[in-house]
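J.: Following this message is one structure expressed as structure tokens.
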Amino acid sequence: MPVDGAIVESTAHPTRPEALLLVAGWTDAPRLYRYDGQSLRDTGLAPRSPVHFGDVHVRTLHVPARDGTPIPLTVIHHKDLELDGDNPAVLSGYGSHGMTDWPEFRPEMLAWYERGGVYAVAHLRGGGAYGREWHEAGRGERKEATITDFIDCAEHLVALGYTRPGRLAGEGVSAGGIPTGGALVRRPDLWAAMAMQAPTVNATRNEFTESGPVNVPEFGSVTTEEGLRALRIIDAYLRVRDGVPYPAVLLTTGLRDARVPPWQPAKLAARLQAATASGRPVLLRVEEHGGHGAGSTRDQEQALLADVLAFILHASDRS
């Protein structure tokens, strides 16, 4: 591989032994290479990014989960970062449907790294980091592992001095609401903020939505005892308790979202607002002309990212 990353797209010629490979990394913009069966050559067809990531460092840790399983954790930050436990940090996780967290070049995150921010991606069980067995280890009634892996990765970041609970935020999108929502209600003391975008947070009701039935094989069904047990594991809404000092929480949705309907994050926002004893904000951000992210305009994406990072910084600066 020409960079420490992944092949994010590929296409082969129907008659000649060659292929075009789009290759990218966490700190390397996508480049289009031609492979002729022996070597890779940069075609120069992909424009070079004007954003310089030479001062940004990427490393992969292996976090010992509570059952001893090593969980891959990608950590990205400025090369001069001091591990003094006082850096704002965002831990992201998904861990469902066997999906792999591919290295993603995000030039808009450079400002975060330049001000001392840490961004980490936990490759949770239930995802596809190590193939089918990794997926099965975090599916159905084994979904608790997805949540505890996320918590264990957060604690590891704190133990190594990357951050501390008062400066640590969790982030999850869609099914990423399962590890973030689960960590929020199980370990509210571990976070300064939690940002959940179009999240699945009321799984026991999800089956009755438009996209609910297709998720039954992954999460379970209320029509069976086993399926209901599995759904109760990942239903953050049902685990909210009155009088608990929850961290600052930002939930986002789009009124045109057919994957995770707006009532799910809205329902959790209302429950947390009524239950929390911390005095910290619980906000619901609604995109009137947005959906589940796909098809969003560049302006919508940039405005959402700015709001999420600003919310996290505000919450962590006050801790």
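J.: Taking only segment 147-170 into account, find how many residues are surrounded by fewer than 24 Cβ atoms within 10 Å (Cβ to Cβ) and either touching a helix residue (DSSP H, G or I) at 6+ places or on another chain (Cβ under 7 Å) or free of Cβ contacts under 8 Å to residues at least 60 places away in the same chain (or both).
T.: 7
J.: Taking helices (runs of 4 or more DSSP H) that do not extend beyond segment 185-252, which have at least 2 residues that are in contact (Cβ under 8 Å) with a residue 24 or more places away in the chain, within 15 Å of Arg139 (Cβ to Cβ) and open to solvent by 10 Å² or more (accessible area, probe 1.4 Å)? Break it down stepwise before answering.
T.: On the way: elements: 203-206, 216-219, 225-234.
In segment 185-252, the matching helices (runs of 4 or more DSSP H) lie at 216-219, 225-234.
J.: Turning to a different aspect of this structure: Looking only at segment 124-134, filter to residues that are assigned to a loop (DSSP other than H, G, I, E, B) and open to solvent by 20 Å² or more (accessible area, probe 1.4 Å); which one of those is nearest to Ala192 (Cα to Cα)? Before you say what the answer is, go through the steps one by one.
T.: Let us first name the residues in segment 124-134 that are assigned to a loop (DSSP other than H, G, I, E, B), namely 124, 126, 128-131.
Retained after the next criterion (residues that are open to solvent by 20 Å² or more (accessible area, probe 1.4 Å)): 129-131.
Numbers: Ala129: 28, Tyr130: 31, Gly131: 33 Å.
Filtering first and then ranking leaves Ala129.
J.: Restricting to segment 171-184, what's the tally of residues that are among the aliphatic types (A, V, I, L, M), open to solvent by 10 Å² or more (accessible area, probe 1.4 Å) and in a helix (DSSP H, G or I)? Step through it out loud before you land on a result.
T.: Initial filter on segment 171-184 (among the aliphatic types (A, V, I, L, M)): 173, 175, 178, 183-184.
Pick out the ones that are also open to solvent by 10 Å² or more (accessible area, probe 1.4 Å) and you get 173.
Next, only the ones that are in a helix (DSSP H, G or I) stay: none.
Total meeting the criteria: 0.
Condition check ((1) open to solvent by 20 Å² or more (accessible area, probe 1.4 Å); (2) modelled with pLDDT under 95; (3) on the phi > 0 side of the Ramachandran plot) across all residues:
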{"residue": "Glu82", "(1), (2), (3)": "yes, no, no"}
{"residue": "Val90", "(1), (2), (3)": "no, no, no"}
{"residue": "Tyr94", "(1), (2), (3)": "yes, no, no"}
{"residue": "Glu104", "(1), (2), (3)": "yes, yes, no"}
{"residue": "Ala111", "(1), (2), (3)": "yes, yes, no"}
{"residue": "Ala122", "(1), (2), (3)": "no, no, no"}
{"residue": "Glu136", "(1), (2), (3)": "yes, no, no"}
{"residue": "Arg142", "(1), (2), (3)": "yes, no, no"}
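J.: Open to solvent by less than 40 Å² (accessible area, probe 1.4 Å) and either of a type in the set (Lys, Arg) or in a loop (DSSP other than H, G, I, E, B) (or both): does that describe Ala29? Steps first, answer last, please.
T.: On the way: open to solvent by less than 40 Å² (accessible area, probe 1.4 Å): yes; either of a type in the set (Lys, Arg) or in a loop (DSSP other than H, G, I, E, B) (or both): yes.
Yes; evaluated as a whole, the condition is true for this residue.
J.: All but one of (1) modelled with pLDDT under 90; (2) of a type outside the set (Phe, Trp, Tyr); (3) buried (at least 19 other Cβ atoms within 10 Å of the Cβ) hold for Val63; state the number of the condition that does not hold.
T.: (1)
The values are calculated or read from the model by the stated rules, or taken from the named source; none is laboratory data. Bear in mind that the values here come from a model prediction, so they are computed numbers and not experimental data. All Cβ positions, even for glycine, are placed from backbone atoms using ideal geometry, and neighbour counts span all protein chains on display. Accessible surface areas use protein heavy atoms only, side chains included; no ligands, DNA or RNA. Shrake-Rupley method; radii C 1.70, N 1.55, O 1.52, S 1.80 Å.
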